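Worksheet: the structure to be examined is printed underneath.
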Amino acid sequence: MSARSLWLYFTLLVFLALVLQASAETDEHETKSLQDLHRTLNIPSQLKGWRTNGGDPCAESWTGVTCKGSSVVQLEIPGLQLGGNLGYQLSDLRNLKKLDMSSNRIQGPIPYALPANLSYLNLAHNMFSQNLPYSLTNMKHLKLLNLSHNSLSGPIGDVFTGLTNLKEMDIQDNHFSGVIPPSFRGIPNLWLGGNRFHRRTGDIPWFFPWFDFTPHITSPPPPSSEATNGSSPPYCPKKEQKTKDYAPGAIICIICGVALFLAAILFAVARIKQRVAAAVFLAAARIQQRGRSHRRQESSPGSGQSLPSTARGEIDISSSCRFSFFMF
């Protein structure tokens, strides 16, 4: 391969890397949403790489941010002792699937507008107060909701009506009150103890799969093999399998590194071929020169009987050509 071909190949790879970088820039609205969240959380130093102005969450791999292309799909920042509140721009994270901000010190109300496409929402073990936002009704993809161990209060009403995909919900140890909504019957895994729910007079008795309902009772988790020994394991929501995505900057570095490596290999192979070809040509020339000298000596007066043609050096070019063909 010629040097020109190598250069064109390398230029093409660099161009593709630049195109990939341009396509990986985070959506403008999602970037502004994370910048606003950084401010409302009081600009914590725990969030490495985060900025209140400028920056690119996906390209710069902000702490806890997972992207797919130019979209933020996961935000996981649990247990970082974060304070402040959630602000009011989380709904701009339109492609967010998973939000985990559990085990922090975040307070205030849960924002009225949450990311509509969430399938996993965990805000447990914080200091949230007031009632649930009615926007939960629009979160049709929600599968897991954990709001336990906060200071949420008030009746729940029909917030969860129509959430047919909701399979696990933990709202225990809050200050909720009122009647348990009928929509809770369709949630297979439900924890709501430590609240002030009651049963409306005249309602059909509702028996949970694992216990008979009694007002103000702390509901235990579902029975397991350990329950037969008199102990019940603490509730731990199922965690989604986490896949690690490479940041666009890392992808660009990998592509450039591979391109340089391949270019170096091709260049080295070309140089070796040139050197081998030169060595074969030089050897053939020397053999031919020796054959000519030998024939001149034999043709001179007083020389002995001449050798056959195959012994007089006529194998010089053919043998060298066969040797060259074998080498390549």
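Things to note:
- Taking the number of Cβ atoms within 10 Å of each Cβ as an exposure proxy, the fewest-first ranking of TYR134, TYR120 is TYR134, TYR120.
- DSSP-assigned coil residues among trypsin sites (Lys or Arg not before Pro) in the stretch 31-102, each with at most 11 further Cβ atoms within 10 Å: LYS48
- Distance between modelled label sites at ARG105 and GLN46, nm, 7 Å Cα→Cβ extension: 0.9
- FRET efficiency, SER135 to GLN274 (Cβ-Cβ, R0 56 Å, nearest 0.05): 0.20
- Nitroxide proxy distance, nm - points 7 Å out along Cα→Cβ at ALA113 and ALA283: 7.8
- Across the stretch 97-199, Cα pairs under 8 Å and at least six residues apart give a relative contact order of 22 percent.
- At R0 = 56 Å, FRET efficiency that the Cβ-Cβ distance of ARG185 and ILE265 yields, to 0.05: 0.30
- Neighbour counting of Cβ atoms within 10 Å sorts the residues ILE110, ILE43, fewest neighbours leading, into ILE43, ILE110.
Since every read-out is calculated from the coordinates, none of them should be taken as a lab result. Everything numeric here is computed off the predicted structure, so don't read it as measured data. Virtual Cβ from ideal backbone geometry, glycine too; neighbours counted across all protein chains shown.
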